[in-house]
Amino acid sequence: MSWYVVYVWAGREREVAEALKARFAEEGLAEVLEQVVVPPEKIIEVVFSPEKHVSRRFYSGYILVKLQDGEGAFELLRNVEGVVGIMGDGKPRPLTEEEARKLLEQIAVEEIKPKPRYQFMPGDRVRITEGPFANFHGVVDEVKPDKGKVRVLVSIFGRETPVEIEFAHVQKI
């Protein structure tokens, strides 16, 4: 069994993956197709409202398939609606064990640790929505995308105090 990268219609990766499984089962070749992976990407969007989860494709238009090598399996794979092709120069080329391991690890990390997407810039006026400083207003002093946080200058007892807050707990005003 080897891993292959399959080109599919962008935005329809899940549908094609389900169609692949169904087609192999119909043909009595379910044991040939061991696994189908649709690489997801979870992004936390923080725009003008509290935290909002959106699921996007990690590699849009691609899925990973682990199957037994064999021309019959590739022919069946190519004939599933939504499949554009299989990676390789004319002949399907499997991923090396190292390539497959790295890709699957990267996908697993992306599922566990979503990437924040933010629209904060230094100087933006914000309101803190959660935590001990909830409902305080302040100005973004620094954006830390690697940590998923912003440093906000909040006025406490008439004095500007820097406070580090997660993207999801800050709202533009």
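The values are calculated or read from the model by the stated rules, or taken from the named source; none is laboratory data. Nothing here was measured: the structure is a model prediction, and the numbers come from that model. No Cβ is skipped: glycine too gets one built from the backbone with ideal geometry, and neighbour counts run over all protein chains shown. The accessibility values were calculated without ligands, DNA or RNA, using every heavy atom of the protein model including side chains. Shrake-Rupley method; radii C 1.70, N 1.55, O 1.52, S 1.80 Å.
Remarks
- Sequence of Asp141, Asp69, Asp146 from largest to smallest accessible area, 1.4 Å probe: Asp146, Asp69, Asp141
- Taking label positions 7 Å along the Cα-Cβ direction at both Asp89 and Arg125, the computed distance is 6.1 nm, reported to one decimal.
- DSSP-assigned coil residues among trypsin sites (Lys or Arg not before Pro) in the range 118-173, each with at most 13 further Cβ atoms within 10 Å: Lys147
- Cβ-based net charge around Thr161, under 15 Å, with every Lys or Arg adding one and every Asp or Glu removing one: -2
- Counting only heavy atoms of the protein chains and using a 1.4 Å probe, Met87 has close to 40 Å² of accessible surface.
- For Tyr7, solvent-accessible area (1.4 Å; no DNA, RNA or ligand), Å²: 80
- Atom-type composition of the exposed protein surface of the range 121-173 places 51 percent of the accessible area on carbon and sulfur (1.4 angstrom probe).
- The residues packed around His137, meaning those with a beta-carbon under 9 Å from its beta-carbon, carry a net charge of +2 if Lys and Arg are +1 and Asp and Glu are -1.
- Accessible surface for Lys21 stands near 90 Å², nearest 10, in the context of the full protein assembly shown (1.4 Å probe).
- Near Lys21: Cβ cut-off under 15 Å, other residues only, Lys/Arg at +1 and Asp/Glu at -1. The net charge is -4.
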